[in-house]
Ligand code: 13P
C-alpha cells in the first residue's frame, strides 16, 4: 500500500528500528525488496537514483514501482534519491514518486536551502515528502526554514565502498538528533558493521539507505546464473526469478541490523 515516507520512518522509530530504503534500478530487484518487507511485515522504501530517473524509460520505471507499491501488503514509498535538477524532480513526481531527497548538499548551506525552497514551490499543491541532506550542526534552523520531513546526516558515512574501517561521529549524530524532531536518515550503509548501524538507530535514525550491497548481490547472482542459463535452454525467466530471490535474501540480511 502507498504510504508517506516520513510515516514509514516514524513508525519504524516507534518500534526501535529504522526502515530500509533500497535502490532499485529495475523491477526484479524491487520485487525482491517488497517480498522481503512483506515477509517481515515492515514498511519499506524503493529508491530511484537520479541517473536512472533521467534515462528515457525512467518515468516508466517509477510508474511501475508506484503500481508495485500500491499493490503491496505493507506500506511502501517510492523516492527519487539525491536529486538536484528541478525539472527532473517535477517529472518524476508526476510519474508517481511520492518522496524526493532534494540534495543541494554540494551547494553549501544557503544553496542547499534555496534549492529545497525552489523544489517546494515547484511541487506546491502536491503531497510530496521532502528529505534533505546536511552534515552540519545548524540542523535545527535548516529543518525549520525548509520544512523538510526527514533529514539525512553526514557523520562519516559515505556512499559506495569504505576505504579503511568506517568511523562514524556518533556524538555529532546525537547532537543533530537532539536538535531536530524529524526522523534522521543514514545514507551509505553498505559496508557499515551491524553494531555501528544499530548505534545509529538508537540515536534516532529512522531510515537507512542501501545500494552497493544489494547491487553486488544481484551481480554476483548474474555472474553465476547467466553462464548456466546460456549453456542450457537460455532460461531467462529462471535467471530473473533468481535475481528477485537474491535481492529478497540480501534485503532480509541487511535489515536484521536495523533494529536498535
Ligand atoms: P551505499 O551504496 O553505500 O549503500 O549507499 C546507498 C545510499 O545511500 C543511497 O542513497
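The values are calculated or read from the model by the stated rules, or taken from the named source; none is laboratory data. Quick caveat: nothing in here was measured; it's all calculated off a predicted structure. Note that each Cβ is placed from the backbone with ideal geometry, even for glycine, and that neighbours are counted across all protein chains shown.
Could you pull out the residue among 236, 184 that is without any contact (Cβ under 8 Å) to a residue 40 or more places away in the chain, under 22 Å from residue 33 (Cα atoms) and buried (at least 20 other Cβ atoms within 10 Å of the Cβ)?
Answer to the check: 184.
Please determine whether any residue of region 123-133 is within 16 Å of the ligand (Cβ to nearest atom) and over 22 Å from the mean Cα position of the chain (by Cα).
Applying the first criterion (within 16 Å of the ligand (Cβ to nearest atom)) to region 123-133 yields 129-133.
If we keep only those that are over 22 Å from the mean Cα position of the chain (by Cα) as well, we get none.
Checked against the condition, which is being within 16 Å of the ligand (Cβ to nearest atom) and over 22 Å from the mean Cα position of the chain (by Cα), region 123-133 yields no hits at all.
Only one of 133, 138, 121, 144 is in contact (Cβ under 8 Å) with a residue 12 or more places away in the chain and exposed (fewer than 15 other Cβ atoms within 10 Å of the Cβ). Can you tell me which?
The match here is 138.
With a cut-off of at least 2 residues that are modelled with pLDDT of 95 or more and within 24 Å of residue 253 (Cα to Cα), name the strands (runs of 3 or more DSSP E) lying wholly within region 138-236.
184-186, 205-210
Answer with yes or no whether residue 167 is more than 20 Å from the chain's Cα centre (by Cα), within 13 Å of the ligand (Cβ to nearest atom) and over 23 Å from residue 111 (Cβ atoms).
no
Pairs under 7 Å by beta carbon, first residue touching a residue at least 60 places away in the same chain (Cβ under 8 Å) and more than 15 Å from residue 131 (Cβ to Cβ) in region 147-158, partner in a strand (DSSP E or B) and within 13 Å of the ligand (Cβ to nearest atom), six or more apart or different chains?
none
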